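We did not get these values from a lab; they are worked out from the coordinates using the rules stated. Worth saying up front: this structure is predicted, and the values here are computed from it rather than measured. In this analysis, Cβ positions are derived from the backbone assuming ideal geometry, glycine residues included, and neighbour counts consider all displayed protein chains.
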Amino acid sequence: MNLFRLMGDVSHVLAVFILLAKIWRTRSAAGISGRSQILFTIVYLARYMDLFFSFISLYNTVMKLLFISASCATVYLIYFKFRATYDGNHDTFRIEFVLVPSLLLAFIFHYSMSFFELAWSFSIFLEAVAILPQLFMVTKTGEAENITSHYLFALGSYRALYILNWIYRYYTEGHFDPIAVCAGIVQTILYCDFFYLYVTKVLQGRKLQVLP
Amino acid sequence: TLPSEAHDEL
């Protein structure tokens, strides 16, 4: 554990809770892509199956359980409890366009040809692109509420901080995980456009609006 | 060690 990794994890947890709290307190899922949230739930379920057979640390186990339960709760709030507020008409990104390529990539790039390793690789690739339905929705509606922007910023920062963590680990421990690093870089690049808008608009007190 | 032996990150 190093500072970058810890800050990345804190940022990740913060993102998850910002989103849950926003939906819960406004009693509304407006502007949130349910499809992205389903993809994140698939990511956590596929990656954290190792909960059943490997123990790394209490911290690790607690975080894994937290991500699984929080993402399931988010999906439940969007599709069941506050279904009436969910903006399904604007949430039209075809998730098979990210599910199928992630699965194919997992069959090509993995550390061993076992079910759990394939699921792990699949989850890494899927996580990189799971935010696309949400970014697509923001582009389609042309704007995002400030809390949604904070959520996206925290979620994007998490993988960016992990990149610093990987650089640090490479030099201090010789640890190098090419699959996670490549996917993590792609994931961070996807947020770059959003980061720019966040800094130039949201941080200056304006609403995030995308030009047509 | 191969990363697959320890997916110690989240």
* Structure fact -> When restricted to A:LEU152, A:LEU126, A:LEU105, the only residue within 17 Å of A:GLN187 (Cβ to Cβ), away from chain B (no Cβ under 14 Å) and over 17 Å from the mean Cα position of the chain (by Cα) is A:LEU105
* To do: Select from segment A:183-210 the residues that are over 15 Å from the mean Cα position of the chain (by Cα) and touching a residue at least 60 places away in the same chain (Cβ under 8 Å) and write down the one among them that is surrounded by the fewest Cβ atoms within 10 Å (Cβ to Cβ).
  => A:LYS207
* Meets criteria (surrounded by 18 or more Cβ atoms within 10 Å (Cβ to Cβ) and charged (D, E, K, R)) for A:ASP87 -> no
* Residue check, A:TYR158 closer than 20 Å to A:MET63 by Cβ, part of a helix (DSSP H, G or I) and either at the interface with chain B (Cβ under 10 Å from one of its Cβ atoms) or in contact with a strand residue (DSSP E or B) (Cβ under 8 Å, 6 or more places away or on another chain) (or both) -> yes
* Asked: Just checking, which of A:SER71, A:SER28, A:SER36 is polar (S, T, N, Q), in contact (Cβ under 8 Å) with a residue 40 or more places away in the chain, at negative phi and not in a helix (DSSP H, G or I)?
  -> A:SER28
* When only residues in segment A:168-181 that are in contact (Cβ under 8 Å) with a residue 40 or more places away in the chain and more than 12 Å from chain B (Cβ to nearest Cβ) count, which is surrounded by the most Cβ atoms within 10 Å (Cβ to Cβ)? -> A:TYR168
* For A:ARG47, which of the numbered conditions (1) in a loop (DSSP other than H, G, I, E, B); (2) among the charged types (D, E, K, R); (3) under 24 Å from A:ASP9 (Cα atoms) fails to hold? -> (1)
